[in-house]
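Since every read-out is calculated from the coordinates, none of them should be taken as a lab result. Please read these numbers as outputs of a predicted model, since none were measured by experiment. We place every Cβ from the backbone using ideal geometry, glycine too, and count neighbours over all the protein chains shown.
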Amino acid sequence: MAKPSRSLACRSSVAEPELRLLRTFAAVVAAGGFSSAAAELEVDLSTVSKQFRELEQWLGVTLARRGRGGFRLTAEGERLHALTRQFFGGMHAFTQDLAALAGGQRPMLRLGVVDALLTAGPVAQGRHLPDALRRCAEALPGLQLQLRALRPQDIERELLAGTLDAGITAARPPARGLEQHRLYSEPSSLYVAPGHPWHAEPARVRTAEELAALQLVVDPYLDGVPPTDLATALARGGHARADSIEAGALLVASGRYAGFLPDHLVQGTAALAGWRAVQTERFSYAQDIVLTCRAGKAEPAVRQLLRALAG
C-alpha cells in the first residue's frame, strides 16, 4: 500500500515510463474515474488500475480514494494534478523555446477539432471556422497551424497533457483545469437513409415496441442526448458503434441503422439529399459547440482565434 506521508519531492527523475504513468493519471482525473478513463484510453480497466498503482508506488503516496463514494483525489493527488498540468504546459513552452533558438520565434496553434465541421453554420456574425482560421493566420505572421481531427475525449486529454493548445468540440462538463468558450448551437436530428423501414414514413409516431427494436448508431456525441425514448434501444445493446460522425453517417447510409447527425451535415452534403429526419418534434435537439482550452491566461494564438471566431 502506498504511504501518504512521503513527499512528492522525493522523486525527481522523470523518464518515458514515468511520463506514461503521468499521462494515465491525467486521463483518470479528466474522466473522473478508472472505468471512464479506460474507455477513453481504449485499454483494459486493469491496465489503468495497474498504472495508477505503479504511479502511487513510484511516488510513495496515495493519490485517490476509490469506493462507494466514487473517485476522489487526496491532497497529494490534488497537488500532483496541479504539478502535472504545470509540467506538461512547461514541455510545450520548452518546445516553443527550442523553435525560437533554431530559427526565430514563430507563433504556433495546435488545434484539435471534431469531424464534420466544414459544413457547420456560422460560428458568429456570419463567420465560419475556415474564415476564422484564415483571419487568425493573417493576424499572426508566420503562424504554424497544426489541425488534427480527434474524438472529443482525446481532445480533452491532449489539452491536459499540453500537446494541444485548444479544441473545438461539442460541449460537455469540462475536466478540471480546462475552460470552455461557447461558439454556436448545432441542431441535430435522428436520420434514416433510403432502404430503412422508417424512411417512407419518417413523421409517423412510433410505438414503444418499434423504438425498442430500432437499430441505432452509437457515437462519441450520443452521451446525454436529450430524447429519452430511445433509452430502451440503447440499453438492449442492438446497435452499431462509430468513433466519428462520418463513420456514423456511413452506417446510416447502409439503410439498416438510424443515427443522430448534425442537420448542417445532411443538408449540406449532396450525397445525403434523400435522407429523412425522424419525428423532428420528438427527437431533434441542439447542442452547443465550444472552444476548449486550458484554464487561465490563454496563449496569444488561442486568444487571436477566439477574437476571430467572435467576429
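See the values below:
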| read-out | value |
| --- | --- |
| Size of electric dipole in the range 238-310: Cβ of Lys, Arg +1 and of Asp, Glu -1, about Cα centre, debye, nearest 20 | 180 debye |
| Lys/Arg +1, Asp/Glu -1 at C-beta; the range 106-311 dipole; positive extreme among Trp198, His239, Ala149 | Ala149 |
| Cα coordinate range in the range 8-87, projected on the principal axes (Å, largest first) | 31, 26, 21 |
| Of Tyr184, Gln279, Thr269, farthest towards positive along the dipole that unit charges on Lys, Arg, Asp, Glu beta carbons give the range 106-311 | Tyr184 |
| Dipole moment magnitude, nearest 20 debye, the range 8-87 about Cα centre, only Lys, Arg, Asp, Glu C-beta charged | 280 debye |
| Relative contact order (percent, whole number), the range 8-87, Cα cutoff 8 Å, 6+ residue spacing | 28 percent |
| Cα-Cα separations in the range 106-311 greater than 20 Å, expressed as whole percent | 59 percent |
